[in-house]
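Notes follow the structure.
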Amino acid sequence: MTKSAIEIKNLTKVFISTRRRAIIVPVERKRVEALKSVDLDIPRGRLYGLLGPNGAGKTTLIKILATLVLPTSGTANIMGYDVLGDSSYVRAIIGVCQGNERSIYWKLSARENLVFFGRLYRLTQSEAKERADELLGRMDLLEKADEKAENLSHGMRMKIVFARALIHDPPILLLDEPTQGLDPTFATDLRQYVRDKLKDKTILLTTHYMHEADMLCDRIALINEGEIKSLGTPHELKERVRDYDSLHITLRGAPHLEKIRAIDDVLAATVRERNGVHELVVTAHDGYDLTRRLLNMLHDQGIRVEQFEVKEPTLDDVFLQLTGRRIED
Ligand SMILES: Nc1ncnc2c1ncn2[C@@H]1O[C@H](COP(=O)(O)OP(=O)(O)OP(=O)(O)O)[C@@H](O)[C@H]1O
Ligand SMILES: [Mg+2]
C-alpha cells in the first residue's frame, strides 16, 4: 500500500465562464487557469497547509479532492483511490469542512444535524447519536444540543459544520478556511483542537492566516495564481528569507509611503493606521544600513517615531519574495 495519503500529480483546472451582456452581443468566454500543473504528496498522519491570497486556487484544489469539481487534467489519489474513478470510496474516507455555515440544516437542532449526517455515512441510529454527543461534548456544545441551528451564533454553527466533517471518524480531513469569520476565542479553540486531538488524521487545510499555518502545519505549500511556489516546514520557508529584515515602526503621523518605497534597498513598505497611530512595515536586505536613512527621512517629514523594532521574517515575507505580493494585500 502507498505511504502517501494524498497524491496529486500534474493537476490542472481551467474554468471557462460565459456571459452575455445583451441578446445581440455574442457570448463572452473567460478562461481562468485556477490550477496549473500542481504536484503535492502528503504522507499519512501529516497536516499540510495551503497558504495563499484570494483567488490562488485553494478552494478549487480542495473541491477536486472532495470529488465536487472535476479536474481538467492530471490525477489525484486519496489513500490510493482515484478521485475520478473511485469517487465513492474517496467520499467515504474524507471529511470536508468548507467553512460555510449553510452546509448544515438550520431547521434541525445541533444534535439532529450530526445524527442525520452520521446516518448518511451508514452509522446506525445509536452509533450516530453516541458519536454526535461525543463531538458536541468536545466542541463544548452539549448545552445547546437541542437548539435549532438557526438560533445559534455563527461560531456555534461553524463548530457543528466542523463536527459534521468528523462524524464518521474519517482518516482524511479537508478543511477549507475552517476558522474564517470566527471570533478569536473560538478560532483559538478550534486550532488547539486540530493540533492536539486530530494527530492521527491526515489533514489538508487552507488558510489566509499566516500565524494559523505557522502554528498548525507540518509543511506549508505557498500557492499563488494556481501554482505552488514553495513547499517546506514553516522554519524552512522562513530560512529562505533569513537575509531579509523586517522593520516595524510605530509613528505619530502618516508617512510618505511612495518616498519610502523609492529608497534604494527597500523591497516593500506598507502602512496601517489604527486610532491615529501608523504602523509602518519596511522589508529590506540590510535593515541596519537602511535604518539610519529611513529615520532621517521620517524626521525630515516631521513625523515622530514612537517605537522601532527589527523583527524575524514572517511567512508573508517569504511570499513577498516569491511572488512580489503580500498574502494579506
Ligand atoms: N466555478 C467557477 N467558475 C469560474 N471560475 C472559477 C470558479 N471557481 C473558481 N473560479 C476561479 O478560479 C480561481 C481560483 O479560485 P479559488 O476559489 O480556488 O481561490 P481561493 O484560493 O480559494 O481564493 P479565496 O482565498 O478567496 O477563497 C479564481 O480566479 C476564481 O475566480
Ligand atoms: Mg477559497
Return a yes/no flag: does the range 186-204 have any residue that is within 16 Å of ligand 2 (Cβ to nearest atom), surrounded by 21 or more Cβ atoms within 10 Å (Cβ to Cβ) and either under 30 Å from VAL282 (Cβ atoms) or in the same structural domain as LYS36 (by TED's automatic domain parsing) (or both).
yes
Which numbered condition trips up ARG29, out of (1) of a type in the set (D, E, K, R); (2) more than 16 Å from ligand 1 (Cβ to nearest atom); (3) exposed (fewer than 15 other Cβ atoms within 10 Å of the Cβ)?
(2)
Residue selected from the range 289-320 under the condition buried (at least 17 other Cβ atoms within 10 Å of the Cβ) and more than 18 Å from GLU279 (Cβ to Cβ), by the criterion farthest from the chain's Cα centre (by Cα):
VAL318
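For LEU295, indicate whether it is on the phi < 0 side of the Ramachandran plot and in contact with a helix residue (DSSP H, G or I) (Cβ under 9 Å, 6 or more places away or on another chain).
On the way: on the phi < 0 side of the Ramachandran plot: yes; in contact with a helix residue (DSSP H, G or I) (Cβ under 9 Å, 6 or more places away or on another chain): no.
No: the conditions fail for LEU295.
Examine the range 30-41 for a residue that is in contact (Cβ under 8 Å) with a residue 60 or more places away in the chain, in contact with a Phe, Trp or Tyr (Cβ under 7 Å, 6 or more places away or on another chain) and among the aliphatic types (A, V, I, L, M), and state whether such a residue exists. Quick ask: steps written out before the conclusion?
Residues of the range 30-41 that are in contact (Cβ under 8 Å) with a residue 60 or more places away in the chain, as a first pass: 33-40.
Restricting the remaining residues to those that are in contact with a Phe, Trp or Tyr (Cβ under 7 Å, 6 or more places away or on another chain) gives 34.
Within this subset, residues satisfying the condition of being among the aliphatic types (A, V, I, L, M) are 34.
Looking for residues that are in contact (Cβ under 8 Å) with a residue 60 or more places away in the chain, in contact with a Phe, Trp or Tyr (Cβ under 7 Å, 6 or more places away or on another chain) and among the aliphatic types (A, V, I, L, M), one finds at least one in the range 30-41, hence yes.
Rundown of residues vs (1) basic (Lys, Arg); (2) buried (at least 16 other Cβ atoms within 10 Å of the Cβ), yes/no style:
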residue: GLY49; (1), (2): no, yes
residue: PRO53; (1), (2): no, yes
residue: THR59; (1), (2): no, yes
residue: ALA66; (1), (2): no, yes
residue: SER88; (1), (2): no, no
residue: ARG91; (1), (2): yes, yes
residue: VAL96; (1), (2): no, yes
residue: LEU108; (1), (2): no, yes
residue: GLU112; (1), (2): no, yes
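The values are calculated or read from the model by the stated rules, or taken from the named source; none is laboratory data. Quick caveat, the model's predicted, so the values are computed rather than measured. For neighbour counting, all protein chains shown are included, and Cβ atoms are generated from backbone atoms with ideal geometry for every residue, glycine included.
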